[in-house]
Amino acid sequence: MPNTTATRRRIPRHAVVLDEGAYVEFSHPKSGVKCRLPLSDLSHAGLSFYGEPAEMPAVESGASLPGASLRIRECTIQGDLVVMHVTPRDDSRILCGALLYPATDNDLLKLKAVLAGMEAVQTH
């Protein structure tokens, strides 16, 4: 029987293959320390990333992370993030989900192109 768990998510997220060099960079909202963490998934509306608790002491639900950079292979996308959840995992890492607001129209076009490529790979 399929899992029918309710979710608020209306836009599908696409898993990011870790060996593609996909990560998100931002400054901690309180300390200002730069952080680079691996992406887990990406959609037109947001993303998820992993980190160790020591890497993200000031990241909490509702936190604003302005001036973030996403790097997926050779593509860099600038934007602001708003953390929607910070979820501890069984492997001691933390999974963060965030909304993504691309900085410019060009960043939005790059995001759409990356997602189109991910969707094309998943349908073949």
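The values are calculated or read from the model by the stated rules, or taken from the named source; none is laboratory data. Keep in mind that this is a model prediction, so the values were computed, not measured. A quick note on method: Cβ atoms are made from the backbone with ideal geometry, for glycine too, and the neighbour counts reach across all protein chains shown.
Only residues that are outside any strand (DSSP E or B) and not aliphatic (A, V, I, L, M): list them for the stretch 58-95, please.
GLU60, SER61, GLY62, ARG73, GLU74, ARG89, ASP90, ASP91, SER92, ARG93
Quick check on HIS28: is it closer than 25 Å to GLU119 by Cβ and either at pLDDT below 85 or more than 11 Å from the chain's Cα centre (by Cα) (or both)?
Details: closer than 25 Å to GLU119 by Cβ: no; either at pLDDT below 85 or more than 11 Å from the chain's Cα centre (by Cα) (or both): yes.
Here the answer is no, as HIS28 does not meet what is asked.
Restricting attention to the stretch 90-105, which residues are touching a residue at least 24 places away in the same chain (Cβ under 8 Å) and touching a strand residue (DSSP E or B) at 6+ places or on another chain (Cβ under 8 Å)?
ARG93, ILE94, LEU95, CYS96, GLY97, ALA98, LEU99, LEU100, PRO102, ALA103, THR104
For (1) modelled with pLDDT under 90; (2) surrounded by 14 or more Cβ atoms within 10 Å (Cβ to Cβ); (3) closer than 24 Å to SER31 by Cα, each residue gets a yes or a no:
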residue	(1), (2), (3)
ALA54	yes, no, yes
LEU70	no, yes, yes
ARG73	yes, no, no
MET84	no, yes, yes
ASP91	yes, no, no
PRO102	no, yes, yes
LEU111	no, yes, no
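Could you tell me which of the residues LEU42, LEU95 is surrounded by fewer than 19 Cβ atoms within 10 Å (Cβ to Cβ), in contact with a Lys or Arg (Cβ under 8 Å, 6 or more places away or on another chain), at pLDDT 90 or above and under 23 Å from PRO12 (Cβ atoms)?
On the way: LEU42 fails: surrounded by fewer than 19 Cβ atoms within 10 Å (Cβ to Cβ).
From the options LEU42, LEU95, the qualifying one is LEU95.
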